[in-house]
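Data block below; observations after.
The values are calculated or read from the model by the stated rules, or taken from the named source; none is laboratory data. The model shown is predicted, which means the values in this text are computed figures rather than measured ones. When we count neighbours, we look across all protein chains shown, and the Cβ atoms used for this are built from the backbone with ideal geometry, even at glycine. What goes into the accessible areas is simple: the full protein's heavy atoms, side chains included, and nothing from ligands, DNA or RNA. Shrake-Rupley method; radii C 1.70, N 1.55, O 1.52, S 1.80 Å.
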Amino acid sequence: MTSPNLGVVTRIDPLANEIVEQIVVESFPQGIDVGFGSVWVASGDLPEGTNGAVSRINSRTNEVVL
């Protein structure tokens, strides 16, 4: 789940329905996709959405690696 105004991606355990981790990313995170063993987050500067960035989160360690 993204929280654009906080600049974080929240990882939730679906079985326990609990927050596992809150991961700080660049700008205002708005979109998430999963692939190649990572979580990819698209971010943009509000309100225009320009100057975007893509963050790559290691799905095992919850660390931003790109």
key: Net +/- balance of residues flanking V34 in space, Cβ distance below 14 Å, scoring K and R +1, D and E -1   = +2
task = Treat each spin label as a single point 7 Å out from the Cα along the C-beta direction, and report the S38 to E63 distance in nm.
result = 1.4
message = Just to confirm a number: summing +1 for Lys and Arg and -1 for Asp and Glu over residues other than N62 whose beta-carbon lies under 9 angstrom from that of N62, what do you get?
response = 0
task = Work out which GluC sites (Glu not before Pro) in the chain are exposed loop sites (DSSP not H, G, I, E or B, at most 13 other Cβ within 10 Å) and give the longest gap free of them.
result = 1-47
ask   = Looking at the chain, what % of the alpha carbon pairs are farther apart than 13 Å?
value = 60
ask   = Accessible area per residue of the chain at 1.4 Å probe, in Å²?
value = 69
